[in-house]
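Taken together, the values in this text are just the output of simple stated rules run on the coordinates, not laboratory data. Bear in mind that the values here come from a model prediction, so they are computed numbers and not experimental data. For neighbour counting, all protein chains shown are included, and Cβ atoms are generated from backbone atoms with ideal geometry for every residue, glycine included.
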Amino acid sequence: MTHKNINLKLKVWKQKNSKSAGNFETFVVKDISTEMSFLEMFDVLNERLIGEGKEPIAFDHDCREGICGTCSMYINGRPHGPWHATTTCQLHMRAFNDGDTIVVEPWRANAFQVIKDLMVDRSAFDRIIQAGGFISVNTGNAVDANSMPVEKDKADASFAAAACIGCGACVAACKNSSAMLFVSAKVTHLALLPQGSPERRTRALNMVAQMDKEGFGSCTNTGACEAVCPKEISIENIARLNKEYLMAGLTLEK
Amino acid sequence: MNWSQLFTSSIGKKIVMSVTGLFLISFLVVHMGVNACIYKDFFDPSDNGDMFNRAADYMGKTVVIRLMEIVLFAGFFIHIIQGLVLEFQNRSKRKLGYQVQMGNKGSKWYSRSMGLLGTILLLFLLLHWWHFWIPSRFTERGLENPVLLSNGRVSHDMFHLMKATFSEWWIVIVYIAGCISLAWHLMHGFQSAFRTLGLHNDRFFKLVNAFGIGFSVVVPLIFALMPLSFKMGWIG
């Protein structure tokens, strides 16, 4: 791919705080290298805005390696932009053409309040994890990993689910603002391993209860979440969560 | 975890949808089987709807079937009410929408339109009840002339009520449109019901999905051919 510079028009959501109403503002950016990441393009724009004495655009970012789940932009009608299995920070400007107009919106869901501009409050995910996305381990030395045999297929499926970085793209993409792909990844990750089995039933029930409390919608199996997930978490996990939930609900003694 | 919590949580509501949905699918098979008796006329015009009228008479006069009819109405009621509740609740979870919609990037239009397809089916169902169920149970409109069946019983002539009803093009077209809505509704609903009940095994899911696609095409097609066959004079 040959390197070139492109000019773009950005329509970006600007919102002062969670209380105020927001609106789209248009920015023109020039001489953007196609080697830049999407966030670097925003850095260039913000540098310019700061130089002009204007307020920069607020957006979430941290590792910029595609593993932390912090960046969250809904770009041209797709969470994390047009590339498959890519976070916003790993999206590069060669995905766009010279003269393109790019519409950038924050994740939209009642459970994800906009804090400012493109930043949303995803602490609902933290509270879901606190409700059951953990294992309890007695103090003492860690048990030798090899003393606990795990079937290869289960270990692989658990690991694939554990790849979830909790970015919230699944919620942003879902027409119901459902967090089921996230919750199912976290439940699957632990339910398939022996370490997760003592709390397996209460985990599924408690995490779903917290998910409902946070104001996420129901899953209708449309598959939009799976299509936009930067870590390619499978919708199969949602079916597994449904099973975990139903079995726990039917078999718990109280 | 009590029973009401289990069935009113976000997953619980979906479990109710899937169980009632699968029950309604089983009803479709019975309904289709009984109605397909009209096709006897295609192969043997001297039958004049006798086979179908006997089947309809059996369904109307058998106690177990009549009891199941009550369960069926409960199934319809729960599926419709729960479906509407879910649709409105889910829509309310995103007060401010997107400027650029995701559209078909990642999901099928019919998967996202189950509420709309279901509402079309509800309207169709009301018309369908008005045409056949209400006359046969209550008003006898169009059924004034009973027919002597080959098994010696005297019964409603449902076959000729169908023929009279499907003599108008607009009714035929509305019924075919209803069947098309049903096909798309089943295309998503069949596999989604199994997903909701926890079918995560990929091998089995592929099997269920393939069967579901076949079912969603074949069953509505057989239904859609009924009004068309009467109108075109292939039967009756």
Handout entry: Burial ordering of A:D117, A:D153, A:D43, fewest other beta-carbon atoms within 10 Å first
Key = A:D153, A:D43, A:D117
Exercise for the section: Report the residue, chosen from B:S18, B:S150, B:S111, that carries the largest GNM mean-square fluctuation when chain B is represented by alpha-carbon nodes joined by springs under 10 Å. Expected result: B:S150
Completion exercise
Semi-axes of the stretch A:143-254 from the Cα gyration tensor (sqrt of 5 times each eigenvalue, largest first, whole Å) come to 24, 18, 11
Exercise for the section: Write out the trypsin sites (Lys or Arg not before Pro) in the stretch B:98-184 meeting two conditions: DSSP loop, and at most 12 other Cβ atoms within 10 Å of their Cβ. Expected result: B:R141
Completion exercise
Per residue, the convex hull enclosing the alpha carbons of chain B has a volume in Å³ of 167
Fill in the blank from the handout: Dimensionless Rg/Rh of the stretch A:8-73, both radii on Cα and Rh by Kirkwood, sits at 0.97
Exercise for the section: Kindly give Rg over Rh for the stretch A:5-115, based on alpha-carbon atoms, with the Kirkwood expression for the hydrodynamic radius. Expected result: 0.94
Handout entry: Spin-label zone in the stretch A:195-219 - amide nitrogen under 19 Å from a point set 7 Å from the Cα of B:S92 along the C-beta vector
Key = A:209-219
Problem - R0 of 41 Å, Cβ-Cβ distance B:T139-B:W234: FRET efficiency to nearest 0.05 - result: 0.90
Exercise for the section: Please name whichever of B:I78, A:M148, A:N206 sits farthest to the positive end of the charge dipole of the protein assembly as shown, dipole taken about the Cα centre and charges placed at Cβ: Lys and Arg +1, Asp and Glu -1. Expected result: B:I78
Practice task
List the DSSP H helices in chain A whose Cα atoms stretch 18 Å or more along the helix axis and whose mean Kyte-Doolittle hydropathy is at least 0.5.
Solution key: A:38-51
Exercise for the section: Could you tell me whether the stretch B:1-85 comes out rounded, prolate or oblate from its Cα gyration tensor? Rule is a ≥ b ≥ c as square roots of the eigenvalues, rounded for a/c under 1.5, then prolate if a/b exceeds b/c, otherwise oblate. Expected result: prolate
Handout entry: Per-bin percent of Cα-Cα distances, the protein assembly as shown [10 Å]
Key = 4, 17, 23, 19, 16, 12, 7, 3, 1, 0
Fill in the blank from the handout: Highest GNM mean-square fluctuation among A:G77, A:G166, A:G53, for chain A with Cα springs under 10 Å, belongs to A:G53
Practice task
Normalising by the residue count of chain A, find the relative contact order in percent from Cα pairs under 8 Å and 6+ residues apart.
Solution key: 19
Handout entry: Relative contact order [Cα under 8 Å, 6+ residues apart], the stretch A:123-251, whole percent
Key = 34
Problem - Distribution of pairwise C-alpha distances over chain A, 5 Å bins, in % - result: 1, 6, 12, 16, 17, 14, 11, 8, 7, 5, 3, 1, 0
Practice task
Select from chain B the helices, each a whole stretch of DSSP H, whose alpha-carbon atoms run 15 Å or more along the helix axis and whose Kyte-Doolittle mean is at least 0.5; answer none if there are none.
Solution key: B:10-35, B:63-91, B:114-128, B:169-196, B:202-232
